[in-house]
Amino acid sequence: MDYSTLSISHTKTDKEPGAKLPGTLRLISRFFFILTVCLFTITSCEDEETNTGSNEFDRSTMLANYAHNIIIPNYATLNNAVDSLNKAINNFTSSPDTVKLQQLREAWYNVAMNWQHCSTFEFGPASDVLLRASMNTFPTNVDQINDNISWGSYNLETAGNIDAIGLPALDYLINGVGEDDESIVSMYMNNDQSENRKQYLADLAAQMQSKVSAVYNDWVTDGGNYQKMFIASDGMDIGSSVGLLVNELNFDFEIIKNAKIGIPLGEKTLGSPLPQHVEAFYHKQSVDFAVEHIKAIDNIFNGRSRAGIDSTGLDDNLNALDAKHSSGIPLAEAINNQFDDCISAVESIPDPLSEAVENNSTVVDAAHTELKKQVVLLKTDLPSTLSVLITYQDNDGD
Amino acid sequence: MKNLQKQLDKQVYIAPLITFRVLFGFIMLVSLIRFMANGWVDQLYVAPKFFFTYYGFDWVQPLNETGMYIVFGLMIAATIGIMLGSFYKTAITVFFICFTYVELLDKSNYLNHYYFVSIISFIMIWLPAHRFFSVDALRNPSIRRTQVPAWCTGSIKLQLIIVYFFAGLAKINSDWLLNALPLKIWLPATSDLPVAGPFMDEAWVAYLLSWSSCLYDLSIPFLLLYKKTRPYAFMAVIVFHVLTKVFLPVIGMFPYIMILSTTIFFPGDRHRKIFTTIQQCFGRLQKVPDTELHFRAIHKKSLTSLFGLFFMLQLLLPIRYLLYPGNLFWTEQGYRFSWRVMLMEKAGTVFFYVRDPSTENEAEITNRDYLTPFQEKMMATQADMILQYAHLIRDEYKKKGIKNPEVRVESYVSLNGTGSRLFIDSTVNLAAEERGFRHKDWVLQY
């Protein structure tokens with residue numbers, strides 16, 4: 001069949017003058033001609049049009065809100081907290097006692113809480129210095145830390161030391177090196193390695209300070225001014241700011257589900273719990289940090305600052321697109337409901353989490369299930385409505 | 001039948017085939033350089049620990065990093081050979097084998113336009129595309145011909161007709177035509193475009209583009225066949241494919257390949273003029289007497305059977321989905337190799353659970369431990385890949401000493417923005433399910 005059509009065409013094209021065209025084809029070709037003219041008209045004449053339509057959504061406004069009211073203020077607070085931590089460490093190491101240890105712990109707690117609000121932004125400046133992995137890779141490697149201390153010489157930037165630095169390593173050093181406060185303090189006074197240990201403490205804090213301040217300075221106007229690029233890159237392709245934000249928001253939320261709750265619960269070990277794998281194992285307030293982390297991502301999704309000022313965020317983008325959940329309610333509402341469910345489910349886990357995973361596993365398991373539901377919404381529904389590609393590499397599609 | 005045979009054997013100018021050869025070699029060269037420059041050889045063929053092979057082609061395995069780069073090097077050399085018509089038959093054969101080899105390695109990377117390149121290069125192996133304007137003909141003037149049987153260009157045209165027509169047929173579905181999906185989801189993402197951007201949020205634009213692209217695909221090959229409509233049709237080809245590139249930037253090289261390919265529809269004398277002009281530019285215009293190419297009877301007979309079989313398959317593959325129950329877009333049984341291009345927005349999340357039946361203990365799999373993010377994304381929405389991955393997990397846990405590990409999935413997929421819903425029956429032990437072309441009854445109905 002097709003061959004005969006084909007060969008007729010040869011007859012026409014190669015030798016004979018064009019025969020009379022069938023009516024439908026003429027009609028279709030006219031349609032294309034008109035369509036082409038229309039499309040050119042749209043694309044060439046209306047450039048003065050401004051975005052006034054009700055369902056139009058300006059992504060650069062949203063990105064500006066993220067940069068100015070969320071990302072930069074969160075980094076600024078973190079940066080200050082890290083400064084205080086450094087001071088507390090200097091104060092402690094100059095003449096260790098239990099009061100200064102307590103002050104140091106408070107400074108550490110402050111950094112750890114603030115970190116939950118910055119963990120998501122692992123792109124641009126943060127990814128340049130591997131901030132997320134450097135700040136919070138847990139469980140920390142106690143043997144590696146003690147080896148480093150006894151050797152007295154180490155390079156904290158190597159991959160081998162990634163689980164011997166950051167908040168979890170500090171957690172061990174200020175909460176886990178002794179049974180009680182006196183014995184912890186004594187490790188910094190009457191121990192053959194107390195000088196090395198003090199130095200290690202100071203080096204960890206200094207490394208953290210250099211990374212956090214580098215990232216903060218890269219974002220601000222009088223520094224690297226990454227915010228300008230972040231706001232300007234308002235497309236939806238790979239590497240665009242919305243794409244980066246949604247990808248990292250996803251990745252970060254999966255950290256809560258897997259690393260913070262799932263793995264300690266035995267998610268990867270055929271149900272045998274791994275209590276030592278919780279975040280802040282020695283400090284024992286793992287649940288607090290997990291809840292703060294969910295709240296932080298909730299804020300980010302809604303474009304809400306930590307002061308509670310709600311401005312343009314991903315939720316508004318979804319609403320502008322009239323995105324619906326499979327139940328029929330707006331997708332943004334479904335995601336917010338699920339944030340609430342996650343928070344209350346995780347909050348109901350009694351701290352320390354390391355004990356709850358063994359004695360109270362049904363409660364932890366229930367929290368894990370709520371987190372899983374949110375992973376689905378954030379990883380499937382959100383990007384597929386926004387048309388963001390959930391992938392970390394460029395690729396063709398068709 | 002006799003008349004058909006006569007039409008196929010009729011001698012026509014070789015020029016369109018030559019243009020096609022040069023442009024195909026050129027665009028493949030550009031594509032390969034772009035592919036390598038983007039670091040995709042490493043990302044797609046060196047970095048992954050596991051490859052999603054095609055059923056029946058599990059023996060196609062990747063080489064090491066050096067080996068993969070050698071394959072790409074060979075392909076680049078081959079594209080230059082094709083372009084110049086130098087050792088053409090070897091070049092096109094090497095290109096076909098290498099390209100198809102690479103595509104068979106991992107179905108995560110399946111793209112309709114890669115499939116198109118594979119089959120076009122297969123067709124070209126059998127065509128006398130080196131008998132004019134080529135290094136081969138320069139070296140050995142006795143092979144030079146100005147005329148070839150019509151089927152030589154006709155086979156490529158037929159393949160293009162099949163591509164467009166089936167792409168158009170696939171668009172005749174209620175989501176595409178009645179709901180303007182998935183364009184309604186994709187277009188607002190381009191609202192930052194300088195000029196057309198503000199219109200991309202408008203529903204009527206999505207409808208206009210959905211309907212016109214359907215009509216375009218169905219009619220364009222025929223409009224290209226008729227002399228009177230051809231110039232408009234070619235203009236439409238350019239506009240359409242440029243627009244797809246603008247609105248759907250992830251579409252890659254496909255638009256360029258299609259624009260260049262459709263030049264084969266222009267008649268021989270048009271193409272011939274181009275070559276005459278080029279030769280004039282080089283100041284070596286020699287009047288070549290018309291010489292015809294006639295295939296030997298046995299050669300012709302075997303080619304007729306080969307092409308007959310080949311095109312029969314081309315017509316059957318896109319409709320094989322009719323053999324499966326359920327919604328094609330949801331189950332994707334019979335979806336690939338059918339010219340379903342940019343037809344749906346699909347995303348998914350899958351949690352894999354492996355269970356030791358002797359202790360009833362269960363573990364959740366971290367997909368990133370085994371797959372690249374890209375593979376994970378592709379796997380999450382395609383049932384055959386979910387099964388393959390389940391088997392990988394089964395085998396890994398067997399190695400860890402667990403007898404008969406059971407693998408179950410909790411899998412959510414959102415199709416065309418309708419929201420995520422359960423995709424695979426989460427009670428089924430996928431470790432015990434077999435791969436194959438049979439209907440997968442563990443895929444839930446849409």
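The values are calculated or read from the model by the stated rules, or taken from the named source; none is laboratory data. Computed from a predicted model, the values in this text were never measured in an experiment. Cβ sites come from the backbone with ideal geometry, for glycine too, and all protein chains shown count toward neighbours. Calculation scope for accessible area: heavy atoms of the full protein, side chains included, ligands and nucleic acids excluded. Shrake-Rupley method; radii C 1.70, N 1.55, O 1.52, S 1.80 Å.
Just read off the accessible area of B:R355 with the full protein assembly in place, 1.4 Å probe, to the nearest 10 Å².
Approximately 60 Å² of B:R355 is accessible to the 1.4 Å probe.
When you look at the Cβ of every residue in A:368-377, what mean number of other chain Cβ atoms sits within 10 Å?
Across the residues of A:368-377, the mean count of other-chain Cβ atoms within 10 Å is 3.
May I ask you to compute the full-extension gain from B:D290 to B:N404, defined as 0.36 nm times their residue separation minus their alpha-carbon distance, rounded to one decimal in nm?
33.9 nm
Relative to the longest principal axis of chain B, what angle (0 to 90°, nearest 10) does the C-alpha long axis of helix B:88-105 take?
Tilt of helix B:88-105: around 10 degrees.
Using a 1.4 angstrom probe on the protein heavy atoms only, could you order B:K440, A:K295, A:K257 from most to least accessible area?
The ranking, largest first, comes out as A:K295, B:K440, A:K257.
So if R0 is 51 Å, what FRET efficiency would A:D192 and A:T221 give, r being the distance between their Cβ atoms, rounded to the nearest 0.05?
So, using R0 = 51 Å, E works out to roughly 0.55.
Send over a whole-number figure in Å² for the accessible area per residue of chain B, probe 1.4 Å.
Accessible area per residue: 41 Å².
Could you compute the FRET efficiency for B:F57 and B:F337, with r as their C-beta to C-beta distance and R0 at 22 Å, rounded to 0.05?
It comes to 0.95.
Please report the net charge: other residues with Cβ closer than 15 Å to the Cβ of A:Q193, K and R +1, D and E -1.
With Lys, Arg at +1 and Asp, Glu at -1, the net is -3.
Sort the protein assembly as shown into rounded, prolate or oblate with this rule: let a ≥ b ≥ c be the square roots of the eigenvalues of the Cα gyration tensor; rounded if a/c is under 1.5, and if a/c is not under 1.5, prolate when a/b is larger than b/c, oblate otherwise.
Cα axes put the protein assembly as shown in the prolate bin.
Mind giving me the FRET efficiency for B:L138 and B:K6? R0 is 30 Å, r the Cβ-Cβ distance, nearest 0.05 is fine.
0.35
Treating the angle as unsigned and between 0 and 90°, give the value, to the nearest 10°, between the Cα long axis of helix B:150-171 and the longest Cα principal axis of chain B.
Value to nearest ten degrees: 30.
How much of the accessible area of the protein assembly as shown, in percent, comes from carbon and sulfur atoms when a 1.4 Å probe is used?
Of all accessible area on the protein assembly as shown, carbon and sulfur atoms account for 58 percent.
Taking a 24 Å limit on the Cα-Cα distance, which of the listed pairs A:K295/A:K373; A:K295/B:K49; A:K228/B:K245; A:K260/A:K324; A:K257/B:K398 fall beyond it?
Beyond 24 Å: A:K295/B:K49; A:K228/B:K245; A:K260/A:K324; A:K257/B:K398.
Considering only DSSP states other than H, G, I, E and B, which trypsin sites (Lys or Arg not before Pro) in segment B:32-116 qualify as loop sites with at most 11 other Cβ atoms within 10 Å?
Hits after loop and neighbour filter: B:K49.
With the Cα gyration tensor of segment B:345-432 giving a ≥ b ≥ c as the square roots of its eigenvalues, does the rule (a/c under 1.5 for rounded; else a/b larger than b/c for prolate; else oblate) give rounded, prolate or oblate?
Taking the square roots of the gyration eigenvalues as a ≥ b ≥ c, segment B:345-432 is prolate.
Separation of segment B:316-345 and segment A:225-248 by C-alpha centroid, Å?
35
How far, in degrees from 0 to 90, does helix B:203-225 lean away from the longest principal axis of the Cα atoms of chain B, to the nearest 10?
Tilt of helix B:203-225: around 40 degrees.
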